[in-house]
Amino acid sequence: MKIFIETLGCPKNFNDSEFALGILERAGHKEAERAEDADLILVNTCGFINDAKKESIAKIFEMAEIAGENKILAISGCLSERYKDELYKEMPEVDIFIGVNDYDRLPALIEAAAKDKEGQKLSFRSEYCDFNEPSLRKIPENPYTATIKIAEGCNNICTYCIIPHIRGKYRSRKIEEITEEAKRLASSGTKELIIIAQDTTYYGMDIYGRLALPELLKELCKIDGIRWIRLMYCYEDKITDELIDTMASEEKICHYIDIPIQHSSDRILKAMNRKSTKTSIMSTISKLRAKMPDINIRTTLITGFPGETEEDFDELYNFVSEMKFERLGIFAYSREEGTPADKMKGHIRQDIKEKRRDSIMLMQTEISLSKNREKIGKTIEVIVDGKDDDGSYYGRSSYDAPEIDNAVLFTSEKELHEGDFINVKITDAFDYDLVGEAL
């Protein structure tokens, strides 16, 4: 049977889809390049915030039209896990519903659906998703940049977030299993390894009784072929001095870190059930920049959390102005049913939440432009991501994660390919992109 997988959401979802495809191919199925050519269409959904939910539902209906009566339609991922009862009742077009921990059951479900197209098939279990066998993952062609998931689930019960209820408790993979998968990726051509989990800094506490991310990173740095190792989803309260020292001393670890701090007001942080404080956040940022003066820090913030006053927002605005983050994403608070924040008092009008968000983003645009202009005249190493129709190239520095951060646009007299590393002299700068010439 030919399988087409449509993936929505974060890098963790794309990682799940690669494992799902590997499981299906081991069972004798093949990948289809287009939904129209497939016998089964799987939509791996996102259900984190309202916009993501709307996108997922629209995609399901789009794929249902393509599937018609002749193809099997399956949905998986966070939306499927979170709203399994509602979707089962409201979407008779879907033949298979599975949760985030059930991809290993897909072959059996497909076989059952092929025999009985009339009855809908469901599979949901609270905590499993044991993808610890690295050979299960289907590695894409030319995987010069690849994610590696070091854990599943989350133990941080942030009051605005539904993820722990969807993906279960935190479950670390063993260091040996992760390094085996990383070696397999490296042998297939991976040069940039992106470390992901719901909380990468909690890694190891459940199986080793200690924060073992530094230990894992040192093992990954030993793997031949890997040039860059990038850290995503790091919680500030678990960024230890040992982790900072490891980042500073290991040449392969990018001087880049993603820290979703969400706010700077202690009152709002407490309401969010975050373990950080404004003082601890500023201290950690200071330590990172002292050890690695060139580090680029990415963070995410939420405006309009229930009870956020003008004073709280002003504090956040001034905090961003003072910290001058190199990379920043900001979201207007999304009210999610089933979370403690949903039941809080003091919910804020949507237009006010968005106005606060836009105010900070306007300031961040100026910060980003200023920092980019400082790079004019300098030479930076860039990984090639592609070639435009006009013959110019685009890529990223070690300070930028794929899909979400800045790009480097450049010309080259030499023919280049995706995954090549090239030194680029920066000649111009925009709000979020750099322009240069390959040397």
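The values are calculated or read from the model by the stated rules, or taken from the named source; none is laboratory data. Bear in mind the structure is a predicted one, so any value in this text is a computation, not a measurement. Don't worry about glycine lacking a Cβ; one is built from the backbone with ideal geometry, like all the others, and counts go over all protein chains shown. These area figures cover heavy atoms from the full protein model, side chains too; ligands, DNA and RNA do not enter into them. Shrake-Rupley method; radii C 1.70, N 1.55, O 1.52, S 1.80 Å.
Coupling constants for segment 304-318 follow from the phi torsions by the Karplus curve (6.51 cos²θ - 1.76 cosθ + 1.60, θ = phi - 60°), and in residue order they are x, 4, x, x, 5, 8, 4, 5, 4, 5, 4, 5, 5, 4, 5 Hz; glycine and proline get x.
Put a plus charge on the Cβ of each Lys and Arg, a minus charge on the Cβ of each Asp and Glu, and nothing anywhere else: the dipole of the chain about its Cα centre is then about 1260 debye. Each Cα pair under 8 Å and six or more residues apart adds its separation to the average, and for segment 366-439 the resulting relative contact order is 37 percent. Note: relative contact order over segment 230-301, using C-alpha pairs below 8 Å and six or more positions apart, is 41 percent.
Annotation: peptides 204-213, 177-186, ranked by per-residue average of other Cβ atoms within 10 Å with the highest first, follow the order 177-186, 204-213. A protection proxy built from the mean count of other Cβ atoms within 10 Å ranks the segments 71-82, 367-378, most packed first, as 71-82, 367-378. Here's how it looks for THR159: its modeled amide H is under 5 Å from those of ASN273, which are all 5 or more places away or on a different chain. Per-residue 3J(HN,Hα) values for segment 373-386, derived from phi via the Karplus relation 6.51 cos²θ - 1.76 cosθ + 1.60 with θ = phi - 60°, read 5, 5, 8, 4, x, 8, 10, 10, 7, 10, 9, 7, 9, x Hz in sequence order (x marks Gly and Pro). Taking every DSSP bridge with both residues inside the chain, close to 30 percent are antiparallel.
Measuring against 32 Å, Cα to Cα, the residue pairs LYS54/LYS270; LYS30/LYS84; LYS59/LYS218; LYS115/LYS169; LYS2/LYS53 contain LYS59/LYS218; LYS115/LYS169 as the ones spanning a longer distance.
For THR145, the amide hydrogen comes within under 5 Å of the amide hydrogens of LYS191, GLU192, counting only partners 5 or more places away or on other chains and with H modelled in the peptide plane.
Calculated accessible area for the chain comes out at 44 Å² per residue, all protein chains present (probe 1.4 Å; ligands, DNA, RNA ignored). For GLY168, the residues 5 or more places off, or on other chains, whose built amide H falls under 5 Å of its own are CYS154.
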